[in-house]
Number of protein chains: 2
Amino acid sequence: MNVTTKDRGTTGKSSREARELFRAGTRSTTAGWAPGHAQANLLSVPVDWAYEVLLFCQRNPKPCPVLDVTDAGSWSTLLAPGADLRTDLPGYRVWQHGELVDEPTEVTGHWRGDLVSFLIGCSFTFEAALSEAGVPMRHIEQGRNVSMYTTRRPCRPAGRLHGPMVVSMRPVPPDLLSAAIRESALLPDVHGSPVHCGEPAGLGIADLGRPDFGDPVEAEPGDVPVFWACGVTLQAAVMASRPPFAITHAPGQMFITDARDEQFRVA
Amino acid sequence: MNVTTKDRGTTGKSSREARELFRAGTRSTTAGWAPGHAQANLLSVPVDWAYEVLLFCQRNPKPCPVLDVTDAGSWSTLLAPGADLRTDLPGYRVWQHGELVDEPTEVTGHWRGDLVSFLIGCSFTFEAALSEAGVPMRHIEQGRNVSMYTTRRPCRPAGRLHGPMVVSMRPVPPDLLSAAIRESALLPDVHGSPVHCGEPAGLGIADLGRPDFGDPVEAEPGDVPVFWACGVTLQAAVMASRPPFAITHAPGQMFITDARDEQFRVA
């Protein structure tokens, strides 16, 4: 079933309760869910690709801040003891040679003993801090997934892994731009400060109304489009680099961890 | 030759000039050299250890923030175009099965085509920011290398790689402790905020006067010993984990990069 942000009244849900709902089959963007708990992008690849993925992340820390890496075959993470990475996200994507072959709500049938899983920081984690600073989260207000765009900015490659940077965009009122930048800058492990503010053409984005991932989000008059590096960058690298097999989260349908947002705040 | 910090009047030296002096054989701690330029720890290991080193760094980001990773066999880094990692540090250590076998001023004769080099953030990088905030750098005033200690705090292991966390210590006047914490917190890629302030027993350090690496540094009355995670942690991991071959910098004798300290500041 699909649940919109407006319907679901998730504010009181704990991270564990949210994962249990997703394990039972609920499908939804996780924007606004389990506030205060860090969310994460997922990429699982065969172990012979693990070094290149980790090096790609090191070389592109703004889109790909690594929060945890599992041992090969393991579906457990320190970020949420007891969670199962194969079932506890709302939606997954399964890739073969860079082609999307399945979009299931759990991946136990696709799992392999040689998979290493990477959990990557997500901009949903800084949304609580931005909200507290008074910055409106238009996509949450509108009950939508955040807008994400593939840019023309290439990532620094690592071995066989290459691809463009993907960004998420939030419309920010001009008098709150400085707060939005400051608050996100203090959370460098969840993408940190924006990579670009203002006209989208500088990133090679032709039309804000047609995101490559997620939903279009309506701006208010005067809003500045603000672009943060996005963990879906790894998904774009899978599409461009075509590893024989990979599993990712579905864009906007993240892994909700037990880690608190504040843990990632540097000051 | 050995040069002390007091003698050398290095304030005006550029990062390139410093590297040229070291390439010509000058041996010295790099504390206080080429102010404003980031310094880095070096670890070179055979490529079949590279994933475990990178994962160890990801799992222990405070002691081991990765600034760059070279391709196998390469002695070049983006952090200082034109520099040669085999010759441009003042001192190196060569390790076989965890034993120190040589401590030369260059390692061209030891180099191998399968070596992957890791450049790791160094606390010398935040010393300029601390100095500007009025925090005295006692070791620089005293013409000494910083004091470093092996703690009883274990790092999170990664495959074959394990070992204790190493810390650097600076005595800080109590009215400047808050500035020292704040300034270093804003530089998470060069160890960030301290891991411990005050009594050294909490880290398993018995005697501040007998550091495991570097020089003893004299405190002024009232100074609080402040401990930052230190990149020499990787050297301790080499000693504990015994890879067949490794090259590191000599403690306190860092690689001076062309990167500016400000590049690492998050806000």
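So which residues in the range A:188-205 are surrounded by fewer than 24 Cβ atoms within 10 Å (Cβ to Cβ) and within 12 Å of chain B (Cβ to nearest Cβ), if there are any at all? Correct list: A:Pro188, A:Asp189, A:Ser193. Which of the residues spanning the range A:160-176 are polar (S, T, N, Q) and within 14 Å of chain B (Cβ to nearest Cβ)? Answer for the range A:160-176, where residues must be polar (S, T, N, Q) and within 14 Å of chain B (Cβ to nearest Cβ): there is none. Taken over the range A:51-105, the criterion of being out of contact with any strand residue (DSSP E or B) (no Cβ under 7 Å at 6 or more places or on another chain) and on the phi > 0 side of the Ramachandran plot is satisfied by A:Gly82, A:His97, A:Gly98. Residues in the range A:237-267 that are of a type in the set (A, V, I, L, M), more than 12 Å from the chain's Cα centre (by Cα) and closer than 30 Å to A:Asp48 by Cα: A:Ala237, A:Val238, A:Met239, A:Ala240, A:Ala246, A:Ile247, A:Ala259.
Among the residues of the range B:132-145, are any crowded, with 23+ Cβ neighbours inside 10 Å and within 15 Å of the chain's Cα centre (by Cα)? Within the range B:132-145 (the criterion being crowded, with 23+ Cβ neighbours inside 10 Å and within 15 Å of the chain's Cα centre (by Cα)), the answer is yes, since at least one residue qualifies.
Taking the criterion of being polar (S, T, N, Q), farther than 13 Å from A:Ile247 by Cβ and out of contact with any Asp or Glu (no Cβ under 6 Å at 6 or more places or on another chain), the residues of the range A:62-120 that qualify are A:Ser74, A:Ser76. Just checking, which of B:Ala185, B:Ala229, B:Ala179 is within 14 Å of chain A (Cβ to nearest Cβ), of a type in the set (Gly, Ala, Ser) and touching a Pro at 6+ places or on another chain (Cβ under 6 Å)? On inspection, the qualifying residue turns out to be B:Ala229. With respect to B:Arg156, is the statement that it is touching an Asp or Glu at 6+ places or on another chain (Cβ under 7 Å), outside the structural domain of B:Leu54 (by TED's automatic domain parsing) and among the basic types (Lys, Arg) true? No, not satisfied. Does A:Arg8 satisfy the condition of being among the basic types (Lys, Arg) and modelled with pLDDT of 90 or more? No, not satisfied. Sub-6 Å Cβ pairs linking a first residue in the range A:152-177 that is in contact (Cβ under 8 Å) with a residue 24 or more places away in the chain and buried (at least 22 other Cβ atoms within 10 Å of the Cβ) to a second residue that is among the hydroxyl-bearing types (Ser, Thr, Tyr) and assigned to a helix (DSSP H, G or I), at least 6 apart or interchain, are A:Leu161/A:Ser241; A:Met165/A:Thr233; A:Val166/A:Thr233, ordered by first then second residue.
Residue under question is A:Arg19, and the condition is that it be more than 24 Å from A:Phe264 (Cα to Cα), charged (D, E, K, R) and either part of a loop (DSSP other than H, G, I, E, B) or modelled with pLDDT of 95 or more (or both); does it hold? Give the derivation first.
On the way: more than 24 Å from A:Phe264 (Cα to Cα): no; charged (D, E, K, R): yes; either part of a loop (DSSP other than H, G, I, E, B) or modelled with pLDDT of 95 or more (or both): yes.
No, not satisfied.
The values are calculated or read from the model by the stated rules, or taken from the named source; none is laboratory data. None of these values were measured; they are calculated from a predicted model. In this analysis, Cβ positions are derived from the backbone assuming ideal geometry, glycine residues included, and neighbour counts consider all displayed protein chains.
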